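The values are calculated or read from the model by the stated rules, or taken from the named source; none is laboratory data. Keep in mind that what you see is a predicted model, and the values were worked out from it rather than measured. Cβ: placed from backbone, ideal geometry, glycine included. Neighbour counts: every protein chain shown. Just the protein is used for accessible areas: all its heavy atoms, side chains included, with ligands, DNA and RNA removed. Shrake-Rupley method; radii C 1.70, N 1.55, O 1.52, S 1.80 Å.
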Amino acid sequence: ATVPSPMADYGEHFMTYSIMPHPGDFRTGGTIEQAYSLNNPLHTVLVSGGVNILGSEMSFVTLDKANVIVESVKKAEDSDDMIVRLYECHNKRAHVSMKIADPIVACSECNLLEEEGQSVGFESDRLEFEIKPFEIKTFRITLK
């Protein structure tokens, strides 16, 4: 490629790949989960003098549907709200229940620019929503 830079593909490149034989299609074979494990491995950091108050296992966000993937959990660009972005990956509609680690004070669905949209109902640390095939959803969540 010469656009946007004529030097874009020069130099040394590194890549990782994996071959994963599996029965059935990509859904039953767990291909998406394995791809995330390969491309986004979990890294832990031991902090000297730290105190383990979380226990051996903890999730910020938990979903009840395997066909919905949490793509990112991050701090909002303009506040201390939490942004949760997810998508449906198996081409099917779903009613999803999402549990958050802390109690929710407010929640709204927003666009990819994190501009607030419609308010979303929630109960304590859980919210429910409908998602369409391959749809991307972004939620702005204010935590207690």
Practice task
Kindly list, by first and then second residue, each pair from a residue in the stretch 12-36 that is within 23 Å of Ala66 (Cβ to Cβ) to a residue that is surrounded by fewer than 10 Cβ atoms within 10 Å (Cβ to Cβ), limited to pairs with Cβ atoms under 9 Å and residues at least 6 apart or on different chains.
Solution key: His22/Thr28; Gly29/Pro21; Gly29/Pro23; Thr31/Asp25; Gln34/Ser18; Ala35/Ser18
Fill in the blank from the handout: Given the conditions (1) surrounded by fewer than 18 Cβ atoms within 10 Å (Cβ to Cβ); (2) more than 15 Å from Val70 (Cβ to Cβ), every one holds for Ser97 apart from (2)
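Which residues, counting only those in the stretch 100-116, are open to solvent by less than 50 Å² (accessible area, probe 1.4 Å) and either among the charged types (D, E, K, R) or over 25 Å from Met58 (Cα atoms) (or both)?
Of the residues in the stretch 100-116, the ones open to solvent by less than 50 Å² (accessible area, probe 1.4 Å) are 100-101, 104, 106-108, 110, 114.
Those that are open to solvent by less than 50 Å² (accessible area, probe 1.4 Å) and either among the charged types (D, E, K, R) or over 25 Å from Met58 (Cα atoms) (or both): Cys110, Glu114.
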